[in-house]
1. Condition (residue is at pLDDT 95 or above and of a type outside the set (Lys, Arg)) applied to segment 178-189: is it met by at least one residue?
2. I want to confirm something. Restricting to segment 17-54 and keeping residues that are in a loop (DSSP other than H, G, I, E, B) and within 17 Å of Ile103 (Cβ to Cβ), which single residue is nearest to the ligand (Cβ to nearest atom)?
3. Look through segment 138-164, keep the residues that are more than 14 Å from the chain's Cα centre (by Cα), of a type in the set (Val, Ile, Thr) and surrounded by 18 or more Cβ atoms within 10 Å (Cβ to Cβ), and return whichever of them is nearest to the ligand (Cβ to nearest atom).
4. Restricting to segment 175-186, count the residues that are in a helix (DSSP H, G or I) and either in contact (Cβ under 8 Å) with a residue 60 or more places away in the chain or open to solvent by 80 Å² or more (accessible area, probe 1.4 Å) (or both).
5. Does segment 187-200 include one or more residues that are surrounded by 13 or more Cβ atoms within 10 Å (Cβ to Cβ) and within 14 Å of the ligand (Cβ to nearest atom)?
6. Can you find even one residue in segment 137-150 that is in contact with a Lys or Arg (Cβ under 9 Å, 6 or more places away or on another chain), of a type in the set (A, V, I, L, M, F, W, C) and part of a strand (DSSP E or B)?
7. List the residue pairs whose Cβ atoms are under 6 Å apart, where the first residue sits in segment 139-164 and is over 21 Å from Met197 (Cα atoms), the second is within 13 Å of the ligand (Cβ to nearest atom) and assigned to a helix (DSSP H, G or I), and the two are 6 or more positions apart or on different chains.
8. Suppose we keep only residues that are within 11 Å of the ligand (Cβ to nearest atom) and not small (Gly, Ala, Ser) within segment 55-67. Which one would you say is farthest from Ser114 (Cα to Cα)?
Amino acid sequence: MTAKKTPKMTSEMTSEMTPEMTPETVQDMLNVSRETIDKFAIYLALLEKWQKSVNLVARATLDIAWQRHILDSGQLARYLPAGCKTILDVGSGAGFPGLVLSIMQDATVHMVESDHKKTVFLQTVIRKLDLSAVVHNERIESLPAMVPDVITARAFAPLGKAITLLAPHMRPDTVLLLLKGRNVEEELTEMPDYPIMAAVTYPSLSDPEGMVLQLTQDH
Ligand SMILES: C[S@@+](CC[C@H](N)C(=O)[O-])C[C@H]1O[C@@H](n2cnc3c(N)ncnc32)[C@H](O)[C@@H]1O
């Protein structure tokens, strides 16, 4: 590990947030096919069905799932590096953003989730949609090093803790894409001693207070 460098912060793009989002609006914003939207619809129908017996997401978000879960997760696709083949999604929960990216992308998505019931749900969606995704029912702390092209996470851990836990899985060109809240700048000042040199934030397309945080490393 080398000395910590002050992250460079830049802010790009304007929010395209709109109220009452329909699947068609999300299709336009994510620039995906009708077939992809149909797969999202099957996924959300399974989520709604399973939510009756397993607490997968906050109940209040089910009515706004296209915006809160599909768009929120799917917006990360535009920040994936060209040729991205492997994604590690940590603390996947009900599959946000990991399963959404798996539906959208020609990449293998590894999802790490410590809760057994949630992993059974993830496996069910993977089978139903025949996705190229793998579920690891364990804590990230005990997962053998994965060194993927990209690591993603939403609502997993504060930035400092997340980087410490993810460090064993990062090679020099691994990109981190994290969905964060409005306190992201505060969290950036608390980063551990790790050679991350550039932090770029993008306003969220789905959440007026949210941010996409892209972290790349010193080579
Ligand atoms: C707040 S939920 C977020 C789930 C999903 N990413 C989302 O945004 O909807 C955090 C998830 O991370 C899982 N989790 C927490 N600590 C973990 C760890 N150390 N390793 C793997 N999974 C973990 C929890 O079981 C939970 O499902």
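The values are calculated or read from the model by the stated rules, or taken from the named source; none is laboratory data. All values derive from a computational prediction rather than experimental measurement. Cβ sites come from the backbone with ideal geometry, for glycine too, and all protein chains shown count toward neighbours. Just so you know, the surface numbers come from the protein's heavy atoms only, side chains and all, with ligands and any DNA or RNA stripped out. Shrake-Rupley method; radii C 1.70, N 1.55, O 1.52, S 1.80 Å.
1. Start the filter on segment 178-189 by keeping residues that are at pLDDT 95 or above, which leaves 178-180.
Next, from what is left, pick out any that are of a type outside the set (Lys, Arg): 178-179.
Within segment 178-189, one or more residues are at pLDDT 95 or above and of a type outside the set (Lys, Arg).
2. So in segment 17-54, the residues in a loop (DSSP other than H, G, I, E, B) come out as 17-22, 31-33, 52-54.
Remaining after also requiring within 17 Å of Ile103 (Cβ to Cβ): 31-33.
On the way: Asn31: 22, Val32: 20, Ser33: 24 Å.
The qualifying residue nearest to the ligand (Cβ to nearest atom) is Val32.
3. Ile140
4. Just the residues of segment 175-186 that are in a helix (DSSP H, G or I), to begin with: 184-186.
In the following step, the residues that additionally are either in contact (Cβ under 8 Å) with a residue 60 or more places away in the chain or open to solvent by 80 Å² or more (accessible area, probe 1.4 Å) (or both) were identified as 185-186.
Of the residues in that region, 2 qualify.
5. No, there is no match, as no residue in segment 187-200 is surrounded by 13 or more Cβ atoms within 10 Å (Cβ to Cβ) and within 14 Å of the ligand (Cβ to nearest atom).
6. no
7. Matching pairs, first to second residue: Ile140/Leu165; Ala145/Pro168; Ala145/His169; Met146/His169; Phe156/Ala162.
8. For segment 55-67, the residue satisfying everything is Thr61.
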